[in-house]
Amino acid sequence: MKIKEKCGVFGIYAFDQKWNVSRFVYYGLIASQNRGQETCGIAAFNGEKISSVKGRGMVEEFFSKEKLENLPGWIGIGNVCPFNPESAQNIQPVSDNNSGLGFTYNGKILNFKEISTNKKTGDNEDANVAATLLSQELEKSDPLEATETVMEKFKGAYSFIAITKNGEMIVARDPMGIKPLCIGSFGFDHGAVASESATLDIIGADYKAPIKPGEIYVFTPYSIERKQAFKPEPKHCAFEYVYFSRPDSFINDKSVYEARMKIGEYLAKEFPVDADTVIGVPETAIPFAMAYSDYTGMPIEMGFVRTGRAVRTAIKPTQFERLVGVQLKLNPIRHAIRGKKVVLIDDSVVRGTTTRNIVNLMRNRIGAKEVHVRIGSPRLVSPCPFGVEVPQKDELIAANLAPDEVSKVVGADTFAWLSLEGVIDSIGFPKEKLCLGCFTGEISLSIF
Ligand code: SF4
């Protein structure tokens, strides 16, 4: 299994109201699909009302030309999410013409039930609670002040974008800056906001900067107001660099690709091994393997071909279908593997099942002579409180077994995780500015 990030968000603001931006949001969401493939949605404001279309599935499958035509507006926001809530009402963006707000966010507001005015608030209603509180504050004060007031109440990780019935777009990031968010523009015509800078590149916008932790932006037809409302206390999610984000993105102004190349080099320095070839599991581990090869001089091979998009093997009912699922995801290239001593690099290990399947395939079906597994993230020992789906501790192989025991379980010759120092140094922020909670089990967040 792979860990799931919680959502990608995107927003665009056209200062010229003749524009219709829903197609920009559509392409922005396709570019953000790495952050969630279960639900998607767009909300747009045309000066009169907020229209919203959202549902289950991939962006290209769900949205048709007709659906996009039902989203007129010069301000638009969108969301992709890896979770599928029971109630369609909880799919983002959440919007409501009575309150006059469209709202999308990435993160987890931990105290949302406590601060909700509705005592029957359900488990997946965090976005609805945040939107309701913000719309109530907007009735009393201007957007900057209203946003500051709700941010004082929220405890947790959040990067949000909201559109209002007055034609404003509000953007905010929590003081820890756990979830990514950045800003860009198309000249003087449009402002754009996205989880990742690659989304801005793809829609043709110029990346400007990350939104700072604790910062608020308010776009109006006449201005862009900006306020550093809270002192930044950065705790950027380290997993963004290892796995969640696209390699062509800058997250908090650091190149994800560069961080992944450094991780590969670290793996080579920390865990050298005498082997014939190095192979990275597509897609995330390819830069790790490239850098491992560069550092050691060991040839790199393309070991696998991925067919289509990720297939969730866990839901296949029979053993046969499970095997088909594994090979659909990753079909090995015999010529690259047979008879060789292979260093196999992957981004993470959760329960160990996927690694065991891959090693088994390489050794027993393809005929690899040796398989040495190297993982480009430290031991995953703890769940994430901020909306990333990491299983409970008793299901995490790293929380329960030492590397040599894991090696036996997955059928590898040797097995190693990247060190904590290795991931910190590769990302390039000091340790105290990173969240490393799922690797250390310590969530020591200063503002709580
Ligand atoms: S606990 Fe792990 S996944 Fe969650 S925010 Fe921290 S580093 Fe990221």
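Some points to look at:
- Entries of K113/K208; K54/K113; K113/K235; K179/K340; K65/K119; K49/K231 with Cα pairs more than 31 Å apart: K113/K208; K179/K340; K65/K119; K49/K231
- Note on the chain: with a GNM built from Cα contacts shorter than 10 Å, the maximum mean-square fluctuation among D248, D123, D425 falls on D123.
- Put simply, the Cα atoms of segment 259-428 extend 43, 42, 30 Å along their principal axes, the longest span coming first.
- Modelled spin labels at E270 and N98, positioned 7 Å past Cα toward Cβ, are 5.3 nm from each other.
- Contact order normalised by residue count of segment 35-122, Cα under 8 Å, 6+ apart, percent: 32
- Values of log10 I(q)/I(0) for segment 136-218 across q = 0.19, 0.23, 0.27 Å⁻¹ run -0.84, -1.10, -1.29, by the Debye formula with one identical scatterer at each alpha carbon and no solvent.
- In Å, descending, principal axis extents of the Cα set of segment 8-234: 41, 38, 33
- Whole-number percent relative contact order across segment 259-428, with pairs defined as alpha carbons under 8 Å at least 6 apart: 23
- Modelled FRET efficiency - R0 41 Å, K119 with K408, Cβ distances, 0.05 increments: 0.20
- If you wrap the Cα atoms of segment 392-448 in a convex hull and average its projected area over all directions, you get 5.1 nm².
- Degrees between helix 22-31 axis and first principal axis of the chain (Cα, 0 to 90, nearest 10): 20
- Helix-only CD estimate at 222 nm, as mean residue ellipticity for the chain, using -39500 (n - 2.57) per DSSP H run (n ≥ 4): -7500 deg cm²/dmol
- For the chain, the Kirkwood radius over C-alpha pairs fed into Stokes-Einstein at 37 °C and 0.692 mPa s yields D = 145 µm² per second.
- Based on C-alpha pairs under 8 angstrom that are at least 6 apart in sequence, the chain has a relative contact order of 13 percent.
- Cα point-scatterer Debye curve for segment 28-84, base-10 log of I(q)/I(0) at q = 0.28 Å⁻¹: -1.11
- Distance between segment 153-186 and segment 40-64 - C-alpha centres, whole angstrom: 19
Here, each number is a calculation from the coordinates, and none is a lab measurement. Fair warning: this is a prediction, and the values are worked out from it, not measured in the lab. For neighbour counting, all protein chains shown are included, and Cβ atoms are generated from backbone atoms with ideal geometry for every residue, glycine included.
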